[in-house]
Amino acid sequence: MTDIHLGPDRATEAEAAAIDAVVGASLGPAVLTPSERLVVGGTTRRNERRHLLLPALHALQHTAGWISPGGLNHICDTLQVPPAEAYGVATFYDLFRVDDPGHDRDVLHVCVDPACRIAGAADVIAAARAEGRPVQESPCLGQCERPVACFVQGRGRPDHTPADGDPPLVPQAGDPTLRLLRRVGVVDPTSLEAYIGSGGYRALTRAFTLGTEGVIAELEASKLMGRGGAAFPTGTKWRAVANAPGSPKHIVVNADESEPGTFKDRILLENDPFALIEAVTIAGFATGAARGWIYLRGEYPLVAERLTGALAQARAAGFLGERIARSSFNFDIELRRGAGAYICGEETALFNSLEGFRGEPRQKPPFPVTNGLFDRPTVINNPETLANVLGILLDGAATYAAIGTEGSTGTKLFCLSGRVARPGLYEVPFGATLGDLVDLAGGVTGSGRLRAVLLGGAAGSFVGPEGLSVPLTFEGARAAGVSLGSGVVMVFDDSVDMADVVHRIADFFRHESCGQCVPCRVGTTRQHELLAAPDGPPAGLLEEIDRAMKDASICGLGHTAATAVRSALALGLIGGQP
Amino acid sequence: MSETPVTITVDGQPVQVPAGSTVLDACTAAGVDTPTICYAPNLTPVNVCRVCVVELEGSRTLVPSCSRRAEAGMAVQTDSERVRHSRKMVLEFLGSAVELDQAPQLDPWMARYGADPGRYGPAPATMDEPLRVQDDLYIRDYDRCVLCYKCVEACGDDAQHTFAIAVAGRGFGARIRTEFDTALPESACVYCGNCVAVCPTNALQFKTEFDLRQAANWRPEEHSVTRTVCSYCGVGCNLELHVQDERIVKVTSPSDHEVTNGHLCIKGRFGWAYVHGGADSDQT
Ligand SMILES: Cc1cc2nc3c(=O)[nH]c(=O)nc-3n(C[C@H](O)[C@H](O)[C@H](O)COP(=O)(O)O)c2cc1C
Ligand code: SF4
Ligand code: SF4
Ligand code: FES
Ligand code: FES
C-alpha cells in the first residue's frame with residue numbers, strides 16, 4: 001500500500017491509549033486472520049484491519065469527545081487507512097463529531113420522532129438546554145414505549161439511558177403461551193445457568209442431532225419469514241449460504257434496529273441475550289460458517305453490556321470457541337456497535353459499515369448469500385427471526401407452522417406506542433387484526449378517538465380507523481396495500497397535529513438518506529421542502545418524486561421514503577394541492 | 001468467465017455482446033444513446049447517478065445499465081414511460097441542486113426527457129459551497145458537484161492510489177472532502193490532476209481554464225488538440241495538448257490509451273509550463 005500521508009496533528013496520550021486499547025490489543029477470537037484478505041475492489045479493501053476503524057472511532061469519540069485531527073491521524077497510522085477516507089467514514093455517523101465540542105460533558109440525545117414528539121420532546125429538550133446540558137436531537141432511539149426517550153453519550157464514562165433500570169414494558173410477561181418473550185421478566189438475563197435452567201441450549205443439542213441438512217429442512221418446513229422487514233424465507237436464505245462456494249462464511253445479526261417506532265429487538269436482547277447467541281451458533285452450524293457478528297445499534301448500551309457478558313459466559317462454558325459443546329464444530333461471535341445511522345440497518349450498508357467503510361448500500365445483485373460480509377457468503381438475519389429458530393427446532397416445524405396462518409407462520413412481535421393505554425412489546429400469533437392489538441394495549445388514549453395508526457414504521461404507512469380490521473399477516477397486509485415492516489403500531493388520536501408528524505417523517509428520511517444515489521439524496525430533500533409549501537404540498541409533484549425514488553434508487557430507503565407521506569395525503573391527514 | 005457471447009433484447013431487438021459486457025454496452029451496440037453521468041469507461045462503475053436506468057423484464061425496480069452485467073435472455077426497455085420519468089427526475093433533481101452551466105453534455109438529455117429543474121419552489125436547497133482556489137494548478141467549485149464519485153475513484157483505487165479525497169457527510173450534506181477540509185497543498189494530493197480529467201461538470205477545473213473563463217476568454221471551440229508522447233520518462237504516456245492562442249491551456253490523455261487509461265502524473269499533466277518559457281516555467 002502507498003504510504004499514508006498524515007497531517008501534523010498528533011494524538012494526546014489519552015487518545016492514543018484509548019485507540020490502542022481497541023486496535024492494538026488482542027483482537028479477540030472472532031477477528032479476521034491476516035490471511036483473510038478482503039479483495040473486493042482495489043487496495044483499500046485489501047487492508048485486513050480496516051474493519052477495526054469503527055471501534056477505533058468509537059474509542060476516540062468516547063475519550064476526546066470528538067474525532068480530533070490528532071486522534072484520527074493516530075487511527076489512520078495504526079490501521080493504514082487514508083485520513084480522507086477515515087474522515088469520510090466518521091462524518092457518516094451521528095454519534096461522531098468532527099469539531100471540538102468545547103466541553104468535556106456527557107451529551108444528552110433526545111428523540112424527536114413521532115412517539116416522543118407527541119409526548120413532549122420539545123419540552124424535555126428545552127428544559128435540558130435551560131440547565132446548560134449539551135443536547136443533541138436524535139431520530140427514534142428505539143424506546144418509543146417509554147417516551148420521551150433519551151440516551152446519554154458518555155464522555156470518558158459508559159453510555160447509558162436513563163430508563164436502563166426500569167422493568168421491561170412487556171404487559172404479557174409471564175404468560176405461559178408466549179414463545180419469543182417467554183423468558184422476559186422471568187429469567188435472569190445475566191446468568192447462563194438461569195438460561196440453561198429454562199431450556200437454554202437444548203435447541204443447539206437438537207441441531208447437532210438433526211445435522212446441517214436436517215436443521216435447514218426444518219426451517220424450510222416451518223415457513224419462517226424474516227422479521228427485519230423484507231419477509232424473506234429464512235430456510236431459503238440459509239440453504240443458499242450452505243450451498244454457496246467460498247469461505248469463511250459469516251452469520252450477521254442485524255440488530256441495528258432504527259426504524260422509527262421499533263424497539264422489539266432491544267427488549268428481546270436486553271432480556272434474553274443467550275437465546276440470540278444460541279440461535280446464531282445454530283445458524284453457523286447449519287450453514288458451515290466460521291464466524292458470527294452482531295451489529296448492534298450504537299444507542300443500545302444495556303444490550304451491549306448484556307451481550308458482552310453473555311458472550312463471555314458462553315465462551316467460558318464451551319458454548320463458543322473450539323469444539324462447541326464437545327462437538328467438532330468451531331464458532332465464535334463478535335459484537336460490533338453502530339454509530340447512529342438508520343441506513344446501516346440495510347443489509348449491504350451494514351456490511352460496508354462493519355468493514356470500516358461508509359454505510360452506503362451496495363447495488364444488488366450480487367446478493368449477501370454469495371457476496372456478503374467481506375465479500376463472502378453471509379446469512380444476515382434480524383434477532384426476532386433468529387429467536388424463532390429455537391422454538392422451531394425444539395417443537396418441530398409442523399407444530400410451529402400450525403401457529404398463525406397458512407402464509408404467515410408462528411408468532412409476531414408488535415411494538416405498540418403513541419396514544420395507547422399500555423404501550424409496550426406484545427407477542428401474538430399471526431392473524432390478529434390491528435384492532436385486536438390496539439385493544440390488547442388498552443385502547444386509544446388522548447381524546448380517545450383514533451385518527452390514524454402508523455403501521456410498519458416510517459417506511460410503512462398510515463392507516464385510518466377503517467384499517468383496524470386488517471389482519472396483521474404478511475398476506476393480509478399485502479392485500480390491504482400496507483406492510484408489517486418491523487411490527488410498528490404507533491397510534492395517534494385526533495388531537496395530534498398530524499401535519500407536524502408527517503413533516504417530521506419526511507425530515508427523518510432527508511436526514512437518514514446515505515446520499516449515494518441522486519433519486520433519494522435529492523428526492524428526500526425535495527419531498528421535505530415541498531411539504532412546507534405555503535399552499536400545502538403539491539400532491540402531483542410528490543407522486544412524481546415517489547415514482548422516481550421507488551424505481552431508480554439503489555436501496556429500500558429510497559424505495560419507501562415517500563410511502564408514509566403519500567398515505568397521509570391519501571387519508572387526508574395533511575392537506576394538499578392536487 | 002465464459003467466452004460465449006451473450007444475446008439480450010434491447011427495445012425488442014436482439015443484440016449480441018461479448019461475455020462480461022454490461023447492459024449499457026448492449027444498448028450502445030444496439031445504437032441506443034444512453035445518458036450517463038457517473039459512468040466512465042476507465043473507472044469502476046459506482047452506479048450512483050441513476051440517469052442510465054433501464055426497465056429490465058422481471059425486475060421490480062429499474063436497473064442501472066452501466067453496472068448491470070448482460071445475461072443471456074435479458075429483455076430491457078430503454079425508452080418506456082418509467083425509464084423516461086426516472087431519467088427526467090434525476091436530471092431535474094441535479095439541475096435544481098447543482099450549477100450545471102458548464103456541463104453542456106447534459107443539455108440534450110434535459111431536452112429529450114423534458115426536465116424542468118425550476119419547479120421545486122423558490123429556494124430549493126443547493127450545494128451552496130465556497131469556491132476553493134488553493135494553488136496554481138486546479139480549482140474546486142463544488143457548487144457544480146453532482147457527487148458522481150469519479151474524482152474519488154480516480155484519486156483512489158482506480159488510478160492514483162493517493163486517496164486524498166473522499167465523500168464525507170451524509171445525505172444531501174454529502175460532499176467531496178479532504179480530511180477536515182484541509183487545503184489541498186497540505187493534503188495527500190500529489191497533483192496528478194486525474195480527478196480534474198474525469199469530472200463531468202467542471203467542478204474541478206484546471207487553473208488555466210478557470211482564469212481564462214474569469215477573463216471571459218475561454219474558447220474551447222477554437223482549441224487545437226495535438227497528440228504527443230510525454231517526454232519526462234520512458235513509460236510512453238500519450239498526451240493531448242489543448243492549445244488556445246498558441247498556448248497550452250490543458251493536458252489530457254485518451255481514456256482508451258492502453259498505458260494511461262486517461263490518467264497521468266503531475267509532470268505530464270502540469271509540467272508543460274517550460275514549453276512557454278518565462279517566469280512560470282518552474283511552477284511545478
Ligand atoms: C433502510 C433500511 C433499514 C433497515 N433496517 C433494518 C434493521 O434495523 N433491522 C433489520 O433486521 N433489518 C433491517 N432492514 C432489512 C435488512 O436489509 C434485511 O432485509 C434484514 O436484516 C434481513 O433479516 P431477516 O431476513 O431476518 O428479516 C432494513 C432495510 C432497509 C432498506
Ligand atoms: S436509496 Fe437513499 S439510502 Fe439507499 S443508497 Fe440511495 S441514497 Fe443511499
Ligand atoms: S467534483 Fe466532479 S468528479 Fe468529483 S464527485 Fe463532484 S462532479 Fe464528480
Ligand atoms: S424512541 Fe422516540 S419515537 Fe422511538
Ligand atoms: S451512469 Fe449508471 S448510474 Fe450513473
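We did not get these values from a lab; they are worked out from the coordinates using the rules stated. For clarity, every value in this text was computed on a predicted model and none was experimentally measured. Here Cβ is always computed from backbone atoms with ideal geometry, including for glycine, and neighbour counts include all displayed protein chains.
When +1 charges are put on Lys and Arg Cβ atoms and -1 charges on Asp and Glu Cβ atoms, the dipole computed for chain B relative to its Cα centre reaches about 500 debye. For chain A, the mean residue ellipticity at 222 nm estimated from helices alone is -11500 deg cm²/dmol, where every DSSP H run of n ≥ 4 contributes -39500 (n - 2.57) and the total is divided by all residues, rounded to the nearest 500.
If the segment from B:A123 to B:S59 were pulled out straight at 0.36 nm per residue, it would be longer than the present Cα-Cα gap by 19.4 nm. Across peptide A:91-103, the mean count of Cβ atoms from other chains lying within 10 Å of each residue's own Cβ comes to 2. Taking other Cβ atoms within 10 Å as a rough exposure proxy, A:I545, A:I216, A:I574 sort from fewest to most as A:I574, A:I216, A:I545. Tell me the angle of helix B:81-97 to the major Cα principal axis of chain B, expressed in degrees between 0 and 90 and rounded to the nearest ten. Tilt relative to chain B: about 30 degrees.
Each of A:F492, A:F509 has some number of other Cβ atoms within 10 Å of its Cβ, and from fewest to most they run A:F492, A:F509. In this rough spin-label picture, where each label sits 7 Å from Cα along the Cβ direction, the A:D497-A:D100 distance is 3.9 nm.
Can you tell me the FRET efficiency between A:D20 and A:L394 if r is taken as the Cβ-Cβ distance and R0 is 45 Å, rounded to the nearest 0.05?
Efficiency for this residue pair is about 0.50.
Which shape class, rounded, prolate or oblate, goes with region B:1-125 when its Cα gyration tensor gives a ≥ b ≥ c as root eigenvalues, a/c under 1.5 marks rounded, and past that a/b bigger than b/c marks prolate? Note, shape of region B:1-125 comes out prolate. Dividing the mean sequence gap of close Cα pairs (under 8 Å, 6+ apart) by how many residues region A:107-153 holds gives a relative contact order of 57 percent. Among B:P254, B:P14, B:P64, the residue with the largest mean-square fluctuation in a Gaussian network model of chain B, with springs joining Cα atoms closer than 10 Å, is B:P14. Look at the alpha carbon pairs under 8 Å that are at least 6 residues apart: their mean separation over the length of region A:498-569 gives a relative contact order of 36 percent. Per-residue 3J(HN,Hα) values for region B:212-226, derived from phi via the Karplus relation 6.51 cos²θ - 1.76 cosθ + 1.60 with θ = phi - 60°, read 5, 5, 4, 8, 6, 10, 8, 10, x, 5, 9, 5, 9, 10, 10 Hz in sequence order (x marks Gly and Pro).
Structural descriptor for chain A: relative contact order 13 percent, calculated from alpha carbon pairs under 8 angstrom and at least 6 residues apart.
Placing pseudo-labels 7 Å out from each Cα toward the beta carbon at A:D9 and A:A163 gives an inter-label distance of 3.6 nm.
Using just the helices of chain B, give the 222 nm mean residue ellipticity in deg cm²/dmol: DSSP H runs with n ≥ 4 each add -39,500 (n - 2.57), and the total is spread over all residues, rounded to 500. Dividing the helical sum by the residues of chain B leaves -5500 deg cm²/dmol.
Once the chain from A:A325 to A:A532 is taken as fully extended at 0.36 nm per residue, the excess over their C-alpha distance is 68.5 nm.
Among A:S417, A:S408, A:S447, the ranking by other beta carbons within 10 Å of each residue's beta carbon, starting with the fewest, stands as A:S447, A:S408, A:S417. A simple charge model with +1 on the Cβ of Lys and Arg, -1 on the Cβ of Asp and Glu and nothing else charged puts the dipole of chain A at about 1060 debye relative to its Cα centre.
Between region A:530-578 and region A:364-410, the alpha-carbon centres lie 33 Å apart. Please compute the net charge surrounding A:S138, taking Lys and Arg as +1 and Asp and Glu as -1 over other residues with Cβ under 11 Å from its Cβ. Neighbour charge sum, excluding A:S138 itself: -4. Specify whether the C-alpha gyration tensor of the protein assembly as shown places it in the rounded, prolate or oblate class, a ≥ b ≥ c being the square roots of the eigenvalues: rounded for a/c under 1.5, otherwise prolate if a/b is larger than b/c and oblate if not. Taking the square roots of the gyration eigenvalues as a ≥ b ≥ c, the protein assembly as shown is prolate. Note on B:E221 and B:Q16: with the Förster distance fixed at 45 Å, the Cβ-Cβ geometry gives a FRET efficiency of about 0.70.
Here the 3J(HN,Hα) profile of region A:269-282, calculated from phi with Karplus coefficients 6.51, -1.76 and 1.60 at θ = phi - 60°, is 7, 5, 10, 8, x, 5, 4, 5, 4, 4, 5, 5, 4, 5 Hz, Gly and Pro shown as x. Along the charge dipole of chain B, pointing to its positive end and built from +1/-1 on Cβ of Lys, Arg, Asp and Glu, which listed residue (B:T126, B:Q244, B:Y232) has its Cα farthest out? It is B:T126, whose Cα lies furthest towards the positive end.
Classified by the C-alpha gyration tensor, region A:107-153 has an oblate form. Its axis ratio a/c, with a ≥ b ≥ c, is 1.5 or above, and a/b does not exceed b/c. Between the beta carbons of A:T308 and B:D256, assuming R0 = 41 Å, the FRET efficiency works out to 0.15 to the nearest 0.05. Look at the dipole of the protein assembly as shown built from charges on Cβ: of B:W109, A:G199, B:L137, the Cα furthest out on the positive end belongs to A:G199. Working from label points 7 Å from Cα in the Cα-to-Cβ sense, the A:D175 to B:D107 distance is 6.8 nm.
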